[in-house]
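Working notes, structure below.
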Amino acid sequence: MTTRIYMDNAATTPVREEVLQTILPYFREYYGNASSVYAIAKESKKALEYARKQVAELIGANPEEIYFTAGGSESDNMALRGVVNASNKEKKHIITTKIEHHAILHTAEYLEKKGVEVTYLNVDEFGRISLEELENAIRPETVLISVMFANNEIGTIQPVREIGEIAKKHGILFHTDAVQAVGHVPIDVDNMNIDLLSMSGHKLGAPKGIGAIYIRKGSRISPLIFGGAQERKQRAGTENIPGIVGMGKAAEIAGQEMEEMTKKLTGLRDKLINGILENIPHSRLNGHPAERLPGNCNISFSYIEGESLLLLLDAFGVAASSGSACTSGSLDPSHVLMAIGLKHETAHGSLRLTLDHQNTEEEVDFVLEKLPAIVQRLRDMSPVWEDYLKSENK
Ligand SMILES: *Cc1c(COP(=O)(O)O)cnc(C)c1O
């Protein structure tokens, strides 16, 4: 293993040591099925309900409104498909945005094939939706508004409370994919008029494969997974107790540390952003300058390829992410960067560095020290850079 500096926390986070220690007894000693009657099973049941409380507290919900799932993608699927399935309207319409995670976008596309109409809202150059466009998109048959809390690529935070107000005024359910926001920014489902909210453990220092959905009491939504009566019949399947315990613990820590972490990460992030913009010509910040996640830095460099940038950073032990979706086997640039108006070439030359509690100022300094030469090296090999230099010289 050569990675020494991990700056891809929006992709996943390492399990926190305190979380791991809290989980271990639920593999070794308290392995009982939470539905059984004997003592060790009761320990599982107790841990399950305690974790539900911990998660609820982080977003201002009641514990009975939290349902554990197998991750953010499942919660997103459940929100969209569950609400559409539960609605008895003849024609159904949902409103979402062009910059959602694929767990929302691909579910919306699936629903379109099933006859549901979908409006995909535009975003401005910073990645924010227009409240006016949202309100204008509402129809009598609209059953759901789904707008992500914070974007996973560019970190932009949406005006969630205002969106919630509009949804409430029109009597429409409001879902938010808050996978990137939970534990990083304050969330209050009541104050923000959120009816459904998706979250995921592994973006928060808990293991992969555990998530939750908040469902406001009284919201009409069908289950996605049928079987046993777990999670008050909303989500069948023997509960993933170690995962759930871990997610509860991670939520508790995130709540306790939020103020301190916001200060630390905002400082590191801004040092990173300003250092890059000042020292590397033809670079630009993607996303909103102020309304953005504390740990998100996303920069485009003209005249280079993001993928090659990642490989050179990796050679220095730095793990980061780029704006081209090559990981998915396609050469399409990120739909998010396209939606904020970037040209193909610029979108391809982007770099996402996402920070969390384990990152240090020394790591930021190291990246700031290495990056200018890496970008220059790639530009020196780039035919488009050569063309640019020629056009400047004449
Ligand atoms: C990671 C992520 C998801 C998917 O969560 P999983 O737990 O990996 O399924 C959904 N939405 C956003 C915004 C994400 O960042």
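The values are calculated or read from the model by the stated rules, or taken from the named source; none is laboratory data. Note that the structure is a prediction, hence the values are computed from the model and not measured. A quick note on method: Cβ atoms are made from the backbone with ideal geometry, for glycine too, and the neighbour counts reach across all protein chains shown.
Remarks
- Looking across segment 338-394 at every residue that is of a type in the set (Ser, Thr, Tyr) and in a helix (DSSP H, G or I), the one that is farthest from ILE129 (Cα to Cα) is identified as SER391.
- Condition check for LYS53 on (1) at pLDDT 95 or above; (2) assigned to a loop (DSSP other than H, G, I, E, B); (3) away from the ligand (no atom under 16 Å from the Cβ); (4) not hydroxyl-bearing (Ser, Thr, Tyr): one failure, at (2).
- With respect to being more than 21 Å from MET78 (Cβ to Cβ), polar (S, T, N, Q) and not in a helix (DSSP H, G or I), SER222 falls outside the description.
- Only a single criterion out of (1) over 16 Å from LYS370 (Cα atoms); (2) at pLDDT below 95 is not satisfied by GLY295, namely (2).
- Residues in segment 88-117 that are away from the ligand (no atom under 16 Å from the Cβ) and in a helix (DSSP H, G or I): LEU111, GLU112, LYS113.
- Within this structure, HIS202 passes the test of being part of a helix (DSSP H, G or I), within 16 Å of the ligand (Cβ to nearest atom) and within 15 Å of the chain's Cα centre (by Cα).
- Taken over segment 205-230, residues that are closer than 21 Å to LEU144 by Cβ and either more than 16 Å from the ligand (Cβ to nearest atom) or more than 19 Å from the chain's Cα centre (by Cα) (or both) amount to 11.
- Pairing residues of segment 157-182 that are closer than 19 Å to GLY255 by Cβ with residues that are away from the ligand (no atom under 16 Å from the Cβ) and aliphatic (A, V, I, L, M), at Cβ distances under 6 Å and at least 6 apart in sequence or on separate chains, gives VAL160/MET192.
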